[in-house]
Amino acid sequence: MILAGCAALGVAWWTQHQLGIMPCELCLWERWPWRVLIVIGVLAPFLPARLGRLALWMCAPVLLVAGGLAVCHAGVEWQWWPSPFPACHAAHVVGRTLAERWASMPLVPSKPCDAPTYLIPGLPVSMAVMGGVFTLVVFAGWAVGMVKSKKVRYF
């Protein structure tokens, strides 16, 4: 879980800071489950065996949330539904005068959530879809690991 979380956050960091691609609000939300998985992965080995296994079972709902956010984001990119976050939409500028309108604009422009980010030229698979596939791979690895570790006896 630690490696999976670091890999997901590492790709997000590289995309944002090295490639200069700004994340949208959904992208930022998609990072949170991976942070939680890192914390679970760090804590689990230090807990007693039964509590450590219970902590690892908590990875399932966290991975489901990560997958749900990826599906939500992909659906927004494919125009299946609108984004649930207001920051994903165009800024709402109000005011009668130009000065009032400038004052109501956000300080930092946000990237719309329906604008997909493609990392691999020529491959029309967005980062949201790649995140969903990665979540499925991690979930499958987690499931296999939990089944195999069930055979280990704990006191």
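Of all residues assigned to region 65-86, at least one qualifies as being surrounded by 14 or more Cβ atoms within 10 Å (Cβ to Cβ), at pLDDT below 80, of a type outside the set (Lys, Arg) and within 17 Å of the chain's Cα centre (by Cα). A residue that is more than 23 Å from Cys113 (Cβ to Cβ), among the aliphatic types (A, V, I, L, M) and loosely packed, with under 13 Cβ neighbours inside 10 Å occurs somewhere in region 50-57. Taking region 1-28 as the range and being assigned to a loop (DSSP other than H, G, I, E, B) and either hydrophobic (A, V, I, L, M, F, W, C) or without any contact (Cβ under 8 Å) to a residue 60 or more places away in the chain (or both) as the test, the residues that pass are Met1, Leu19, Gly20, Ile21, Met22, Cys24.
Somewhere in region 50-58, is a residue within 18 Å of the chain's Cα centre (by Cα) and touching a residue at least 12 places away in the same chain (Cβ under 8 Å)? So far as region 50-58 goes, yes, one or more of its residues are within 18 Å of the chain's Cα centre (by Cα) and touching a residue at least 12 places away in the same chain (Cβ under 8 Å).
The residue of region 1-42 that is nearest to Pro112 (Cα to Cα), among those that are among the small types (Gly, Ala, Ser) and surrounded by 18 or more Cβ atoms within 10 Å (Cβ to Cβ), is Ala12.
If you filter region 133-155 down to residues that are loosely packed, with under 10 Cβ neighbours inside 10 Å and among the β-branched types (Val, Ile, Thr), you find that the one that is modelled with the highest pLDDT is Val147.
If you go through region 42-54 and pick out every residue that is over 17 Å from Val147 (Cα atoms) and assigned to a helix (DSSP H, G or I), you end up with 4. Exactly one residue among Met105, Met130 is surrounded by 11 or more Cβ atoms within 10 Å (Cβ to Cβ), modelled with pLDDT under 75 and out of contact with any His (no Cβ under 7 Å at 6 or more places or on another chain), and that residue is Met105.
The values are calculated or read from the model by the stated rules, or taken from the named source; none is laboratory data. Since the model is a prediction, treat every value here as computed from it, not as a measurement. Glycine gets a Cβ as well: all are built from the backbone with ideal geometry, and neighbour counts include every protein chain shown.
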